[in-house]
Amino acid sequence: MAGAGQEIGAANPKHNGDENKEKTFHRAHRIGAVDRLTSTDDLGLYLHAPFCAHICPYCDFAVEAVGRGTPKLADAWVSNLLQELDLVLAEVGPALLERSLVTLYLGGGTPSLLPIDALERLFRQLHMHWPQPIGEVTLEVNPGLGELDHLAEWRALGVTRVSLGVQSFHDILLKRLGRGHSGAAAEAGLRKCLSAGFESVSVDLIFGVPDQTLAMLNQDLNLMLELAVPHISAYALTLEVGTPFTIAHAKGKLKLPAEDDLIAMHDLVEDRLHEAGYEQYEISSFSLTGHRSRHNQRYWARQDVLGLGPSASSLLNAERTTNFRARQAWEAALHSKQRPVEERERLGAMDLRRETLYLGFRRPEGIDLRAYEARFGEAVESCFETEVNELKALGLLQQVDRHLSLTRRGVRFADEVFLRFVGR
Ligand code: SF4
């Protein structure tokens, strides 16, 4: 993923580098729960490309630095991915191919580093498995590497949506973040993407960066609004365990904005985007009408997604799996004709209740209490009375009509709320 920050709703807690909180977030963000509310007739597919030009010092995703990429690595990745798909099909059965593939998301990493011929081969093979057109095909892209010369080719392959890792238009902040592009390259890249004819374009915006001021963030928002970017993912910078940023912070060499400043940045992002007509359909996701990410919504709605590639997670036929994180371990399993799965999990009744809550809280409508009761045969308070009452008393949760949702303050401290349910 080009962003690798934290969602808007995780202000202070994310700056303390607490590993459990990181894991909680990643579980909540990347993985859907088992108990689906919707039909299993369709499917989302996530492909993890574990390559980046270089590693940003705040990132802990499963990626390795490959400079401008190597065709050999890309070819091997495609072959391995297709082999993984064959192994999934052998295990799950051909019914998987009868499902309608409605979203495809190429993330990472920087999948836009992949040479066109490798992408072509991948798309061709996927098309043989699922011949119908895929409604939404997203490619994560970074500006400034010359890859944006391939926009027309990506469109011809069927990419409908690009997600551009802009982060900021300020050189000083991009340098702080160790990004490989300048502000000018980010703007030029964004303009190119917007005029290339994709159905949608998303931009990652990061805030809470050392030395960032409210005025700088406001300028970044001004430009995005001027360009009418259809979708914006806004993340607060977070300290991930073991990253150079976290180490520097522990040594007192990296100063992050104070909590009040960070909250002011959250407020600014939300207020500006709401005023401009963006719908905040998830705590870090803002869209103009018709531009929600269909793929990401699948995770929050606990719909099936098959994930392939190192570290990829799947929710398939009521089972959650997570692949080996290291590319070498992922490849070694495949070479032994084994699915490269490190963890398998079937959720119990309490897990389902917990996940229903913390995934539901990511969305502005929150939890429909009637639907919860109909599904579990009991009220939320039956299992979570203490948590709900305490979070209400702290001003983090609210009940409006028959919906339980985060307050504005709760959105700022969303991780604290999630932990109350995940950590039991
Ligand atoms: S571009 Fe940077 S932040 Fe994004 S996945 Fe690569 S290393 Fe991580």
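Determine, yes or no, whether residue 200 is within 18 Å of residue 138 (Cβ to Cβ), touching a residue at least 12 places away in the same chain (Cβ under 8 Å), away from the ligand (no atom under 16 Å from the Cβ) and small (Gly, Ala, Ser).
yes
The residue list 208, 180 contains one member that is modelled with pLDDT under 95, among the small types (Gly, Ala, Ser) and in the same structural domain as residue 133 (by TED's automatic domain parsing), which is 180. Looking at segment 93-106, is at least one residue away from the ligand (no atom under 16 Å from the Cβ), touching a residue at least 60 places away in the same chain (Cβ under 8 Å) and touching a His at 6+ places or on another chain (Cβ under 6 Å)? There is at least one residue in segment 93-106 that is away from the ligand (no atom under 16 Å from the Cβ), touching a residue at least 60 places away in the same chain (Cβ under 8 Å) and touching a His at 6+ places or on another chain (Cβ under 6 Å).
Report yes if residue 177 is in contact with a strand residue (DSSP E or B) (Cβ under 7 Å, 6 or more places away or on another chain) and more than 22 Å from residue 281 (Cβ to Cβ), otherwise no.
On the way: in contact with a strand residue (DSSP E or B) (Cβ under 7 Å, 6 or more places away or on another chain): yes; more than 22 Å from residue 281 (Cβ to Cβ): yes.
In short, yes.
Does residue 167 satisfy being in contact with a strand residue (DSSP E or B) (Cβ under 7 Å, 6 or more places away or on another chain), among the polar types (S, T, N, Q) and surrounded by fewer than 18 Cβ atoms within 10 Å (Cβ to Cβ)?
Numbers: in contact with a strand residue (DSSP E or B) (Cβ under 7 Å, 6 or more places away or on another chain): yes; among the polar types (S, T, N, Q): yes; surrounded by fewer than 18 Cβ atoms within 10 Å (Cβ to Cβ): no.
So residue 167 does not fit the description; no.
Residues in segment 270-315 that are more than 17 Å from the chain's Cα centre (by Cα) and surrounded by fewer than 21 Cβ atoms within 10 Å (Cβ to Cβ): 270, 271, 272, 274, 275, 276, 277, 279, 288, 289, 290. Within the option set 47, 82, being within 16 Å of the ligand (Cβ to nearest atom), modelled with pLDDT of 95 or more and closer than 18 Å to residue 327 by Cα holds for one residue only, 47. For residue 338, the criteria (1) within 30 Å of residue 271 (Cα to Cα); (2) surrounded by fewer than 14 Cβ atoms within 10 Å (Cβ to Cβ); (3) of a type outside the set (Phe, Trp, Tyr) hold in every case but one, which is (1). Restricting 363, 409, 375, 370 to those that are part of a loop (DSSP other than H, G, I, E, B) and touching a residue at least 12 places away in the same chain (Cβ under 8 Å) reduces the list to 363. Is there a residue being modelled with pLDDT of 95 or more, farther than 19 Å from residue 114 by Cβ and out of contact with any Cys (no Cβ under 9 Å at 6 or more places or on another chain) anywhere in segment 142-158? Within segment 142-158, not a single residue is modelled with pLDDT of 95 or more, farther than 19 Å from residue 114 by Cβ and out of contact with any Cys (no Cβ under 9 Å at 6 or more places or on another chain).
Mind checking which residues of segment 332-360 are part of a loop (DSSP other than H, G, I, E, B) and aliphatic (A, V, I, L, M)?
Restricting attention to segment 332-360, the residues satisfying the condition of being part of a loop (DSSP other than H, G, I, E, B) are 336-340, 346-348.
Of everything in segment 332-360, just one residue is part of a loop (DSSP other than H, G, I, E, B) and aliphatic (A, V, I, L, M), namely 347.
Return yes when residue 176 is free of Cβ contacts under 8 Å to residues at least 60 places away in the same chain, among the basic types (Lys, Arg) and away from the ligand (no atom under 16 Å from the Cβ) and no when it is not. The answer is no for residue 176.
The values are calculated or read from the model by the stated rules, or taken from the named source; none is laboratory data. If you're wondering where the values come from, they're calculated on a predicted model, not measured in any experiment. All Cβ positions, glycine included, derive from the backbone under ideal geometry; neighbour counts span all protein chains shown.
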